Amino acid sequence: MHQILAIIKKDILQWMRRPLYFISSTLLAILIITCVGNTLTGSNSISFGLYDPEKLSQLARYLGESHRFQVHTYGDLNTAKKDLSDHKIVALANVSQDPLEDQVQIVTDGRNPMIDQQISAGILNVLTKKDKELNLPLQSVTLFPVTFSLRDYITPGLAAYLCYVLASMNLGFSWIYEWMEKTYRQIILAPNGLRAAIIAKTFTVTVEASIVLWLSLCLTAPVAGFTLGNNLLGLAGFTLLSMFCYTCVGLGAACLLKTIRIYTMTVSILGVALMFMSGVVIPTDAMPLWEQAGAKAFPMYYSADAFKGVMLGTPADYAHDALLLVCWACLGLATATILLTKRKATL
Amino acid sequence: MSHVNSITVAERIADNRVEPTIKALALTKLFGERLSVDQLSFQVFPGELYALLGDNGAGKTTTINMLTTLLGPTSGRFTICGYDGLRQAEKAKSMFGVVSQDVAIYQELTAYENLNFIADLYGLPRRKAAPRINLLLDTAGLADRANDKVGDFSMGMQRKLSIAVAILPEPRVLFMDEPTVGLDPASRLQIWSTLKELRGQGVTILLTTHYLEEAELLADRIGIIRQGRLVIEGTIDELRHRIESIRGVSITLKGPVDPDDLQRRVARCTAVVNARSHFDPLRNTLSFMQPKDLPLTHLLDTTLQWLKQEKIPFSRFTTSEPSLEDIFLTIVEREDDIQISPGRNGAE
């Protein structure tokens, strides 16, 4: 026990002596939550042109009220089309001025399918909300009452992703740094040092990374406008559990990969893939079946599910999520213990 | 070398009732197909400083790593203070400290914090740890830098601190892997002084080194390892006796010398052909060892006559006891030609 406490004390002391590292990892987390979150949520104030000189439609009002579009009205169609080709506007609604024709043509550049999709989604959103005013035979309703926005929905997935990123980074510094500096030998040459190191460092990395995530979420929530939910205890618990899982998995990976360069490269590439595969960005329901199976093979899926549950109140199988996270943690620890025991001098 | 200590150690070695502190039995290490350590057997007795000499890649560090449980041997076994290094590794670890070749100190922590960490790691009670830490810092000459970050220390200071770290838990055995490499002469002298003190306190020390003067000055016994095998071991006197030579001869030549031409001329000298010669181009010195069966007067006559015949100008002609360097070079260069008397080594 004294050895575990000694290593924890030493690691915390080192962590506090690296304030730049703490600041940069917090900034990284804030950056991901705000920038990635905003990007995934979709743009606001998209520059949108409207040609309706006779004001036959009420599109200007409805599109403007949605805050998704910043409407520029044109008196001349050719000028509007020129601005579209010059990218001064992203799309153009050409309302037919023939009173016998009930037609609105949405014109886009055509060379950016992502923009086209954003425009379509935005317009559909406006139309389904304004169906009564516009007298449209198209409605959008939900089966369950929804109390959160798209921004709120994205954040728990990002939090799960950040658990992976922060745990991996902290682990890299905690373990691989010691290997590189050879100070690791001091610990394993002490009686029962290896066992104490595994326990102590797993604990410190879990706690350090969790503090960074909580701090980032608390600082960003009021600015970016997302909710942390009412279940703060659950949020804290699953943060710790997810961090613990990724710390153990990361330790196993570090023992396999050994050098900081290969470790960070592998962790980064894998992180990007997992981010898109695990329901962090796109719900797994919207993915092909094979991808859904792949998502459920990795722990990020379960931590994203748990985070959505505690932050949004959506149904989540907490016991199942926790079990899978613990299983992955055990797998990582077992791998690390075997490899560390075998390769003491070469690390 | 402490004469009194040597006698005490020699007595211990001769006394079969004294159990060795370190006992290695046929230690072997294979890295894939490469044999790094080959059936290495030796013993180190209580209070002895045993120096393991060898070229780069001879297997010294691999041997230290096996004895300190960092590396598992392919075969063989070893004991530290009676504990089996393989089956009782954790108990064996509590008996020794290690000063490795690389300075393994936490750079962001202060000197005091580094030592305090080790004290906590080894479970030293606080009331005992604090005075011991202060004593070690004082002995290492780091008392006034106790609260400075180690990252700001010179290499010599870090090396002294790493020795303090290794001896903080008062180990009975100390493994030191080239502890003075890269240090200036003053720092090296300070560390030698510390090692002598430790040896005087009864700590058993196994030291690997490149520096022959270090081994000559400090070691009670020396083992020379080559290609993973212990080729010869003993005190310096024993080593001299075992290589069948009694005297080193050194001739400092004047002017530039063509080494190939010199070798051809050396072949014509009967005194030298019976002993292997060695030309050092840096010091412009030809040296060889006089075999035991050749009287000194005959050696002097023959050699001077040869120098005169070959018209080789020289500025200095000296005879001396074969140095450790002579012995080492003799062994590592041409082992086959060495007549090594069978001596007591660690093999059972």
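The values are calculated or read from the model by the stated rules, or taken from the named source; none is laboratory data. Every value quoted in this text rests on a predicted model; they were computed, and no experiment measured them. Glycine gets a Cβ as well: all are built from the backbone with ideal geometry, and neighbour counts include every protein chain shown. The protein model used for the area step is the full one, side chains on, heavy atoms only, and it has no ligands, DNA or RNA in it. Shrake-Rupley method; radii C 1.70, N 1.55, O 1.52, S 1.80 Å.
Below is a table of values for the structure above.
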{"quantity": "Helices (runs of 4 or more DSSP H) enclosed by segment A:165-229 - at least 3 residues per element that are under 22 Å from A:L331 (Cβ atoms) and either in contact with a strand residue (DSSP E or B) (Cβ under 7 Å, 6 or more places away or on another chain) or open to solvent by 10 Å² or more (accessible area, probe 1.4 Å) (or both)", "calculated": "A:193-224"}
{"quantity": "Failed condition for A:V326, given (1) over 23 Å from the mean Cα position of the chain (by Cα); (2) more than 14 Å from every other protein chain (Cβ to nearest Cβ); (3) touching a residue at least 60 places away in the same chain (Cβ under 8 Å)", "calculated": "(1)"}
{"quantity": "Residue that is of a type in the set (S, T, N, Q) and under 16 Å from A:I123 (Cα atoms), where the choices are A:N78, A:N94", "calculated": "A:N94"}
{"quantity": "Residue satisfying condition, being small (G, A, S), away from chain B (no Cβ under 14 Å) and within 26 Å of A:I199 (Cα to Cα), within set A:S45, A:S25, A:S57", "calculated": "A:S25"}
{"quantity": "Of all residues in segment A:140-164 being part of a helix (DSSP H, G or I) and surrounded by fewer than 17 Cβ atoms within 10 Å (Cβ to Cβ), the one that is farthest from the other protein chains (Cβ to nearest Cβ)", "calculated": "A:L150"}
{"quantity": "Hey, B:D144 in a helix (DSSP H, G or I), more than 9 Å from chain A (Cβ to nearest Cβ) and of a type in the set (D, E) or not", "calculated": "yes"}
{"quantity": "Some residue of segment B:247-263 being touching a Ser or Thr at 6+ places or on another chain (Cβ under 9 Å), at positive phi and either open to solvent by less than 60 Å² (accessible area, probe 1.4 Å) or charged (D, E, K, R) (or both)", "calculated": "no"}
{"quantity": "Residue list for segment A:170-194, filter: farther than 27 Å from B:S94 by Cβ and either in contact with a Ser or Thr (Cβ under 6 Å, 6 or more places away or on another chain) or without any contact (Cβ under 8 Å) to a residue 12 or more places away in the chain (or both)", "calculated": "A:L171"}
{"quantity": "Exclusive hit being touching a residue at least 12 places away in the same chain (Cβ under 8 Å), buried (at least 19 other Cβ atoms within 10 Å of the Cβ) and of a type in the set (S, T, N, Q), set B:N147, B:N114", "calculated": "B:N114"}
{"quantity": "Inter-residue pairs, beta-carbon under 8 Å, first more than 9 Å from every other protein chain (Cβ to nearest Cβ) and in segment A:1-18, second modelled with pLDDT of 90 or more and open to solvent by 50 Å² or more (accessible area, probe 1.4 Å), 6+ apart", "calculated": "A:I4/A:I199; A:I4/A:F203; A:I8/A:F203"}
{"quantity": "Any strands (runs of 3 or more DSSP E) falling wholly within segment B:29-97 and containing at least 1 residues that are of a type in the set (S, T, N, Q)", "calculated": "B:34-44, B:75-80"}
{"quantity": "Among residues of segment A:174-212, those that are among the aromatic types (F, W, Y), under 20 Å from A:H2 (Cβ atoms) and more than 10 Å from chain B (Cβ to nearest Cβ), counted", "calculated": "1"}
{"quantity": "Scope segment A:291-347; condition small (G, A, S), in contact with a Ser or Thr (Cβ under 9 Å, 6 or more places away or on another chain) and either at positive phi or open to solvent by 30 Å² or more (accessible area, probe 1.4 Å) (or both); matching residues", "calculated": "A:G313"}
{"quantity": "Residue within segment B:101-109 that is touching a Gly at 6+ places or on another chain (Cβ under 9 Å), open to solvent by 30 Å² or more (accessible area, probe 1.4 Å) and within 8 Å of chain A (Cβ to nearest Cβ) present", "calculated": "yes"}
{"quantity": "Condition met for B:Y50 (within 14 Å of another protein chain (Cβ to nearest Cβ), open to solvent by less than 20 Å² (accessible area, probe 1.4 Å) and not polar (S, T, N, Q))", "calculated": "no"}
